[in-house]
Amino acid sequence: MHLVYAIASYLLFLVGLPVLLAHPKLRHGIALRLGLYRSAPLGEGSPRIWLHGASAGDLLSLQPMMRELKARLPGCCVIVSTITNSGIEMARRKLGDVADVVVYAPYDLPGATRRAVAALRPDLLVLEYTEIWPNLIRSAREAGARIALTNGRFNPAKLSRYRILFGLIGNPLRRIDCFLMRSDEEAERVLALGAAPDRVWVTGNTKFDALVLDGAEGREDALRAEMGLDAARPIFMAGSTHEGEEELLISVYARLLERHPGLQLVIAPRYVERSGRIMGLAGEAGLSVRLRSGGAAAGRAQVTVLDTIGELAVAYRLATLVFVGGSFVTRGGQNVLEPAAQGRPVLFGPHMENFKDSVQVLQGRGGLQVATPDQLLKVADELLSRPDQLADLGELARRSVTQIRGASARNVDHMLSILPRGKAAA
């Protein structure tokens, strides 16, 4: 049955190749994506542990586990792969102390995955979330590597599609040695999809450890100066916003200015290439606007667009009040715990389907869900009028995040238990 998937993967690759070659996030590193690592440094050490995260944010969730692995296996080689250009850029900049090798993940083609596995020689392959790549899993398994899924999650609305796919191609979950799931509900879903019960564990989400790990403290003064922000005036920050949200948020901000004339707005879009569009929206609303990339020389403006990668956690420390995007549109939300970890009160909209565990941690403990932009306006106005309450909510949010750590250590315990004999003590 796997032959069906192998043939289909090549056909889909050929059909989608023009898009892959044109897509700004996916068009670089074609040789590496084909498993041709001849010119890439492949690292030394044993055991060799390959961790894969699709994007920059996914890799940051794996960072605490990398540190744990390095502490408990001092001689190990940590290999990191990702799909996007921003993921590669972030990994090289922020994971250099824990990642020995940073590469583009191979396309999920039989030839590409076999070449990648032969070159990288993993003893353990660690996939994240729902990164179930059948050809990669098969190639790693045939080469003798053990496989773990960490921060495991499966969208309940897509379970029937997974069942159909696995029925057609053979269930790749049977080749995975260890499922480290985020919650009891996720464990039930992976069991329903055919995972062996003795391989499924609920260990939590390493992104909670990553939030505490982030060393944002102490760097905010330099960023404030670069962004042209006034430390004496409040800042309303909208983080990880999506198409369709910025116009609503700029409208809310314009109305907040009537009550809070000194208020500054920072918008950090989920995709920085949309920064020009956001500048246009602010200008149409009659607001002065600037890009963070302009530096201190760009002066001050009512609206600042954060158009750089890797600075959002630090930027959150500058905020008085934060709204997290992806939640007024049907994108399932974004990471509300990142600003909470920086001690900032957090507002978010009704669509948080992909971050239910985070909402459970934060709601009523420094986080507030708002149903509409009008409600956002009302709540933001009330909070900005009460600085003492804002400070208390921010501290409550920070404490809520610090109380949910430990998934990384638990995950590494299970990973070491499945490493080939002798490797865990290498």
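The values are calculated or read from the model by the stated rules, or taken from the named source; none is laboratory data. The structure displayed is predicted, hence computed values, not measured ones. Cβ placement follows ideal geometry from the backbone for every residue including glycine, while neighbour counts extend to all protein chains displayed. Accessible surface is based on the protein model in full, side chains and every heavy atom, while ligands, DNA and RNA are left aside. Shrake-Rupley method; radii C 1.70, N 1.55, O 1.52, S 1.80 Å.
So for the chain, what are the equivalent ellipsoid semi-axes in whole Å, largest first, each being the square root of 5 times an eigenvalue of the Cα gyration tensor? If you can, show how the numbers build up before the last one.
Working: eigenvalues 308, 103, 90 Å².
Working from the Cα gyration tensor, I get semi-axes of 39, 23, 21 Å.
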ask   = Which whole-number percent is the relative contact order of the stretch 311-426 (Cα, under 8 Å, 6+ apart)?
value = 24
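Suppose we look only past 22 Å in the calculated P(r) of the stretch 339-409. What percent of the Cα-Cα pairs does that tail hold? List each step's numbers first, then the result.
Numbers: 550 of 2485 pairs.
The proportion of pairs with Cα distances above 22 Å equals 22 percent.
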inquiry  = As an exercise, use a Förster radius of 35 Å and the Cβ-Cβ distance of residue 219 and residue 36 to find the FRET efficiency, rounded to the nearest 0.05.
reply    = 0.40
remark   = Per residue, accessible area of the chain with a 1.4 Å probe, heavy atoms of protein chains only, in Å², comes to 42
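Enumerate by residue number the trypsin sites (Lys or Arg not before Pro) in the stretch 372-426 meeting two conditions: DSSP loop (anything except H, G, I, E, B), and at most 11 other Cβ atoms within 10 Å of the site's Cβ.
Numbers: sites: 378, 398, 399, 405, 410, 421, 423; in loops: 405, 421, 423.
Answer in residue order: 421.
Residue 277 to residue 378: FRET efficiency via 1/(1 + (r/R0)^6), r the Cβ-Cβ distance, R0 30 Å, to the nearest 0.05? Don't jump to the answer; show the numbers that get you there.
Working: r = 27 Å, r/R0 = 0.91.
After rounding to 0.05, the efficiency reads 0.65.
Among rounded, prolate and oblate, which fits the stretch 278-330 when a ≥ b ≥ c are the square roots of the eigenvalues of its C-alpha gyration tensor, a/c under 1.5 means rounded, and a/b larger than b/c means prolate?
Details: a/c = 1.79, a/b = 1.13, b/c = 1.59.
Since a/c reaches 1.5 but b/c is at least a/b, the shape of the stretch 278-330 is classed as oblate.
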note = Here the stretch 95-112 yields Karplus 3J(HN,Hα) values (6.51, -1.76, 1.60; θ = phi - 60°; whole Hz; Gly and Pro given as x) of 10, x, 7, 10, 9, 7, 9, 10, 9, 6, 5, x, 4, 7, 10, x, x, 4
remark   = The long-range amide H neighbours of residue 202, using H built 1.01 Å from N in the peptide plane and a cut-off of under 5 Å, are 181
message = Explain nothing, just compute: Karplus ³J(HN,Hα) = 6.51 cos²θ - 1.76 cosθ + 1.60, θ = phi - 60°, for every residue of the stretch 83-90 in order, whole Hz, x for Gly and Pro.
response = 9, 8, 4, 5, x, 4, 4, 5
message = Whole angstrom only: what separates the Cα centroid of the stretch 268-342 from the Cα centroid of the stretch 374-413?
response = 19
request  = Please list, in chain and number order, the residues 5+ apart from residue 147 or on another chain whose amide H is under 5 Å from its amide H, with Hs placed from the backbone.
outcome  = 125, 177, 178
query = Residue by residue through the stretch 288-303, which ³J(HN,Hα) values in whole Hz follow from phi under the Karplus form 6.51 cos²θ - 1.76 cosθ + 1.60 (θ = phi - 60°), with glycine and proline marked x?
reply = 6, 8, 8, 9, 4, 5, x, x, 4, 5, 6, x, 9, 8, 5, 10
query = Given C-alpha coordinates of the stretch 96-177, what is the ratio Rg to Rh with the Kirkwood estimate of Rh?
reply = 0.99
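If you roll a 1.4 Å probe over the stretch 73-162 with all protein chains in place, what percent of the accessible area is carbon or sulfur?
Details: 1400 of 3000 Å².
Carbon plus sulfur share of accessible area: 47 percent.
Give the residue list of trypsin sites (Lys or Arg not before Pro) in the stretch 33-134 that are DSSP loop and have at most 14 other beta-carbon atoms within 10 angstrom. Please list the in-between numbers first.
Working: sites: 33, 38, 48, 67, 70, 72, 92, 93, 94, 114, 115; in loops: 38.
In loop regions of the stretch 33-134 (DSSP not H, G, I, E or B), the sparsely surrounded trypsin sites (Lys or Arg not before Pro) are 38.
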task = May I ask you to list the aspartates and glutamates whose Cα is less than 20 Å away from that of residue 356, ignoring any residue fewer than eight positions away on the same chain?
result = 58, 128, 131, 184, 185, 186, 188, 209, 338
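Mind checking Rg over Rh on the stretch 1-74, alpha carbons, Kirkwood formula for Rh? Show your work: numbers first, answer last.
Details: Rg = 16.5 Å, Rh = 15.5 Å.
Result for the stretch 1-74 is an Rg/Rh of 1.06.
Taking a 32 Å limit on the Cα-Cα distance, which of the listed pairs 158/378; 25/207; 158/207 fall beyond it? Each step should come with its number before you reach the end.
On the way: 158/378 36 Å; 25/207 23 Å; 158/207 23 Å.
Over 32 Å apart, Cα to Cα: 158/378.
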query = Using modelled amide H (1.01 Å from N, peptide plane; none on Pro or chain starts), what sits under 5 Å from the amide H of residue 45, excluding residues fewer than 5 places away?
reply = none
remark   = Ranked by GNM mean-square fluctuation in the chain (Cα springs under 10 Å), the top entry among 18, 197, 74 is 18
query = Among the trypsin sites (Lys or Arg not before Pro) within the stretch 307-360, which fall in a DSSP loop and have no more than 14 other Cβ atoms within 10 Å of their own Cβ?
reply = none
message = In whole percent, and with a 1.4 Å probe on the protein chains, what portion of the accessible area of the stretch 190-275 is carbon and sulfur?
response = 51
